[in-house]
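Structure first, commentary second.
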Amino acid sequence: MNAHLQAWAIPAEAFPSDGFLSDRLEFLLRYAILAPSPHNTQPWLFRLNYNDVEILADPGRLLRVVDPHGRQLHLACAAALFNLRVAAEYFGQGWTADILPDPAHRTFLARFTLHASIDTSAEDVLLFHALTRRRTHRGPFQPDPLPRDLPGELAQAASREGAWLSVIDAEDGRHALAELISEADRLQWADPAFRRELAEWLRSDESRPDGIPVRELGIHDWMAFAGPALIRTFDRGKGQAARDADIAVHSPALAVLGTAEDDPRAWMAAGQALQSVLLRAQSAGIAVSHLNQPIEIDALRSRVAQLAGREGHPQVLLRLGYGAGVPPTPTPRRELHRVLLAQDTSKAPPH
């Protein structure tokens, strides 16, 4: 197995249940780094203390063109936090999470602390086993509809985290959203700055620990070696718009996840809601991928909310269905030690 894919193969039996709190937290972080992120930037850092872990944003991995305010960066770090929660509960560990604990430090997004033991529920087991199986499925979906109760269950899961989820499965709604996605594709690809940023995160060499494999953008294998150069040079907006519109229309359902507010605290809620939805969909055998382009363009974002029939601020646009063809391989991950900061020795426990 590629060294950067080994992150997905975690031996759960190795959890140090009798070890120090810091040992347990470090093990749980192996699940945190499996969270999704835009362009697979993995924009998180962790400071491991004696009885808690601090989750911090890595400003060096901010996508300054498509995510200038750090909204998607917050969502990714919050999804990592949700993974921590799921893993802790599976191993019978109580926890608390303090969101945005220090307003003076804007990159300090959460503090996660372990507490006394708790009982593991059947739901804990279900979500935990989805952690290492979750994939982003960018290929075609089968035409079969979603299970009847699933949209409601996913909406309830999002609501528990402080977000809303609107599932659109009617043909006219999917067509309307597909048109917005096409429009956003054309606008983004016409922007040289967008193409340069995307090219920076494209990986024709899949031994790299981050970024997007060029195959996931529909670039043929024989062109893969030149993928980043092609992206920088040519406006592929028309072709990308047609491709994305087609997969949106032929997906059984699209879903918009949003929040009432649009600030860092709301983004943290949305990121945890997103990961809850993704893991529950995975548990139900449903494939998911992102089609966030119209949410990344201010002029189109409000139209997404209108099509979703909700007031508030769309944060994520998803498509859901049963995956067709070969299941996607996991995307690579940086090794845990590369995202760990030095321990804060001032928090040492008393002797």
### Query
Just one of [x] 30, 60, 10, 0; [y] 26, 51, 23, 0; [z] 29, 54, 17, 0 is P(r) over Cα pairs in 20 Å bins from 0, in percent calculated from these coordinates, so which is it?
[x]
## Note on the structure
For the chain, whose charge dipole is built from +1 on Lys and Arg Cβ atoms and -1 on Asp and Glu Cβ atoms, the candidate among Ile286, Ala266, Ser37 with its Cα farthest towards the positive end is Ser37
## Note on the structure
Rounded to one decimal in nm, the spacing of the 7 Å Cα→Cβ label points at Thr136 and Thr113 is 3.4
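Only four residue types carry charge here, +1 at the Cβ of Lys and Arg and -1 at the Cβ of Asp and Glu. Report the dipole size of the range 1-151 about the Cα centre in Debye, rounded to the nearest 20.
Details: 14 positive and 16 negative charges, 148 e Å.
Taking the Cα centre of the range 1-151 as origin, the dipole is about 700 debye.
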### Query
How much accessible area per residue does the range 256-348 have, in Å², with a 1.4 Å probe?
40
### Message
Could you identify which residue out of Asp210, Asp191, Asp298 has the top mean-square fluctuation in a GNM of the chain using Cα springs shorter than 10 Å?
### Response
Asp298
### Label point distance in nm, His105-Ala324, each placed 7 Å from Cα along Cα→Cβ
5.0
### Task
Calculate the dipole size of the chain relative to its Cα centre from +1 charges on Lys and Arg beta carbons and -1 charges on Asp and Glu beta carbons; express the result in debye to the nearest 20.
660
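Excluding the sites themselves, what is the longest stretch of the chain that contains no chymotrypsin sites (Phe, Trp or Tyr not before Pro) in a DSSP loop with at most 14 other C-beta atoms within 10 Å? Don't jump to the answer; show the numbers that get you there.
On the way: sites that count: Phe20, Tyr50, Phe234.
Maximal segment without exposed cleavage sites: 51-233.
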### Task
Sticking with the crude label model, points 7 Å out along Cα→Cβ, report the distance from Arg334 to Ser207 in nm, one decimal please.
2.0
### Dmax and Rg, reported as Rg then Dmax, of the range 72-227 (C-alpha, Å)
20.0, 55
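Give me the one-decimal Kirkwood hydrodynamic radius in Å for the range 70-119, with the sum taken over alpha-carbon pairs.
Details: mean 1/r = 0.0856 Å⁻¹.
It is 11.7 Å.
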### Query
What share of all Cα pairs of the range 1-160, in percent, falls into each consecutive 10 Å distance bin?
9, 34, 36, 18, 3, 0
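Order 113-124, 145-156 from most to least packed using the mean count of other Cβ atoms within 10 Å. Provide the component values of the computation, followed by the final result.
Numbers: 113-124: 12.6, 145-156: 14.8.
Result, highest mean first: 145-156, 113-124.
Only bridges with both residues in the chain count here: give the DSSP antiparallel percent, nearest 5. Show your work: numbers first, answer last.
Working: 33 of 38 bridges.
Antiparallel bridges make up about 85 percent of those DSSP assigns within the chain.
Quick one: which of 289-297, 129-137 comes out on top by average Cβ neighbours within 10 Å, and what's the full order, highest first? Spell out each step's value before the answer.
Numbers: 289-297: 21.8, 129-137: 18.2.
Highest mean packing first, the order is 289-297, 129-137.
Compute the signed sum of charges (Lys and Arg +1, Asp and Glu -1) over the other residues within less than 10 Å, Cβ to Cβ, of Ala88. It would help to have the intermediate numbers written out before the result.
On the way: positive: Arg24, Arg85; negative: Glu89, Asp124.
Residues near Ala88 contribute 0 overall.
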### Message
Using only Cα atoms and rounding to the nearest 10 degrees, what angle (0 to 90) does helix 171-189 make with the longest principal axis of the chain?
### Response
90
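The values are calculated or read from the model by the stated rules, or taken from the named source; none is laboratory data. Remember, predicted model here, so these are calculated numbers, not experimental data. Cβ coordinates were reconstructed from backbone atoms using ideal geometry, including for glycine residues, and neighbour counts include every protein chain displayed. Accessible surface is based on the protein model in full, side chains and every heavy atom, while ligands, DNA and RNA are left aside. Shrake-Rupley method; radii C 1.70, N 1.55, O 1.52, S 1.80 Å.
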